[in-house]
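This report refers to the structure that appears directly beneath it.
Every number in this text was worked out from the coordinates using simple rules, so none of it is lab data. Note that the coordinates shown come from a computational prediction; the quantities given were computed from them, not determined experimentally. Cβ: placed from backbone, ideal geometry, glycine included. Neighbour counts: every protein chain shown.
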Amino acid sequence: MVVTSGTDGYIASWPLPFRVSEDNNDLLSPSTQSVVWEHRVKIHQNSQKTLVAHKLSSTTTLLASGGDDGSLGLVLASAEDPEADPFSLALVVPRAHAAAISAAVVWSPPGVILMLTAGNDQWVTMWQLISLPPVGHQHGSKKNGKLEPHDRLNVYKMCRMRTNIADVSDMAILKVNDYLCKVVIVGVGMEILCIHY
């Protein structure tokens, strides 16, 4: 499956037009069928500026998107059932930034999922994502505190800091250790931030 985002505010899933062998992930044969999107979910009012994927398990991926509307979108995508809609959880944080969110990174220190977002407002915001079991389930049923497709998700703004970079276009993690994340932010210039968490 391939996941895309675009100017319409949707995230869409597309089936792969080829088969992959089960034992060594080699391509077996191309398909002659047309590639069309199968499932999609509306996240933003208009254009999406960034989409990052963070693998949570062998079948679940967290998708984080930043929009031109300043909102942060979070989606859990599951590859457990190829026939089912892969988007099981969609959460939008409106007004996460005062302007378009154009960059994001996600990492998972032990027991927690953290994210940084940046945009045209020249702020870098740190978020903590906390999973909650579905209504009626106990916290003890969780597996290692990981997000699962049926979970609920809470998002907390931990802090924010200024960046000197105008028109932020991307960011990348350079190094992560026990309580420090070093990221590079690029746009009109480049800056390295050391974030303690």
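So for each of 154-166, 179-191 I average, over its residues, the number of other beta carbons within 10 Å; can you give me the resulting order with the highest mean first?
179-191, 154-166
Once the Cα gyration tensor of the stretch 38-115 is found, what semi-axes does its equivalent ellipsoid get, as square roots of 5 times the eigenvalues, in whole Å, sorted largest first?
22, 17, 9
Tell me which residues come under 5 Å, amide H to amide H, from ILE113 once H is placed; ignore anything under 5 positions away on its chain.
LEU129
By counting other Cβ atoms within 10 Å of each Cβ, how are ASP8, ASP121 ranked from fewest to most?
ASP8, ASP121
Can you find, among VAL36, THR61, SER47, the residue farthest towards the positive end of the dipole of the stretch 33-84? Put +1 on the C-beta of Lys and Arg, -1 on that of Asp and Glu.
It is SER47, whose Cα lies furthest towards the positive end.
So for THR60, THR117, fewest C-beta neighbours within 10 Å to most, what's the order?
In order of increasing Cβ crowding within 10 Å: THR60, THR117.
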